[in-house]
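The values are calculated or read from the model by the stated rules, or taken from the named source; none is laboratory data. Note that the coordinates shown come from a computational prediction; the quantities given were computed from them, not determined experimentally. Here the Cβ positions follow ideal geometry from the backbone for every residue, glycine too, while neighbour counts run over all protein chains shown.
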Amino acid sequence: MSEALWNRLNAADLRALAARDAVVLLPIGATEQHGPHLPTGVDDFLAAEVCRRAAVLAAEHTGVVVTPSVPMGLSEHHMAFGGTLTVSLPTLHALLRDICRSVIRAGFSRILIVNGHGGNMIALNALTTDLTTELSMPIAFASYFGAGREVVRVPTRFGPGPPTPPRSPPAPGHSPEASTSAMAASVIRRCSSS
């Protein structure tokens, strides 16, 4: 089965994936400003794209399903910049609990929340512990933007930076270069597969 997106699969396909003990990736991002040239959905779009690409790469080793993304997170700190949609911590907790519960009721037992927004990280550390207890099922999370920090050279407006030291890697965050490059790669992929 080559399709991995939950909302493009039918119920029989999802039951078959659950029976194979497929991993479920649940992307979560944010809707907030990312400078004058990028859309407010950068964190959401990139978390979903990372999950889709991970599913393609992992498909030959294990079953993987990618849920529809959660496009909003904890973004109160961006409200002053305009264009931001934010939710409260109790709302985020309830939403993730209900989505994870639905995934479990559909027969899946391995859920990884894939975070695309720095403002969600502390909350997700606590919420995944709470969700694991509440749902009696291990729920994990990872932030994709931390992957490979030890070996990535983070460019700056003034040229390539020095190699990233293993103990104190910079996070791409809202850097125009990192977000713009990732969005360009995502859009190019979508255009070339059309």
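Select from segment 86-111 the residues that are assigned to a loop (DSSP other than H, G, I, E, B) and either out of contact with any strand residue (DSSP E or B) (no Cβ under 8 Å at 6 or more places or on another chain) or at pLDDT below 95 (or both) and list them in ascending order. Break it down into steps so the answer makes sense when it comes.
The first filter runs over segment 86-111 and keeps only residues assigned to a loop (DSSP other than H, G, I, E, B), leaving 87-88, 106-109.
88, 106, 107, 109, listed by residue number.
Could you list, in sequence order, the residues of segment 134-165 that are out of contact with any Cys (no Cβ under 7 Å at 6 or more places or on another chain) and at pLDDT 90 or above? Give the steps one after another, and end with the answer.
Quick first cut of segment 134-165, residues out of contact with any Cys (no Cβ under 7 Å at 6 or more places or on another chain) only: 134, 136-138, 140-165.
Correct list: 134, 136, 137, 138, 140, 141, 142, 143.
What about residue 131, is it touching a Cys at 6+ places or on another chain (Cβ under 7 Å), in a helix (DSSP H, G or I) and at pLDDT 95 or above? Give the derivation first.
Working: touching a Cys at 6+ places or on another chain (Cβ under 7 Å): yes; in a helix (DSSP H, G or I): yes; at pLDDT 95 or above: yes.
Yes.
Might you let me know whether segment 41-64 holds any residue that is in contact (Cβ under 8 Å) with a residue 60 or more places away in the chain and surrounded by fewer than 14 Cβ atoms within 10 Å (Cβ to Cβ)?
So far as segment 41-64 goes, no, none of its residues is in contact (Cβ under 8 Å) with a residue 60 or more places away in the chain and surrounded by fewer than 14 Cβ atoms within 10 Å (Cβ to Cβ).
May I ask you to list the residues in segment 19-47 that are touching a helix residue (DSSP H, G or I) at 6+ places or on another chain (Cβ under 9 Å) and outside any loop (DSSP other than H, G, I, E, B)?
Selection gives 23, 24, 25, 26, 27, 28, 31, 42, 43, 45, 46, 47.
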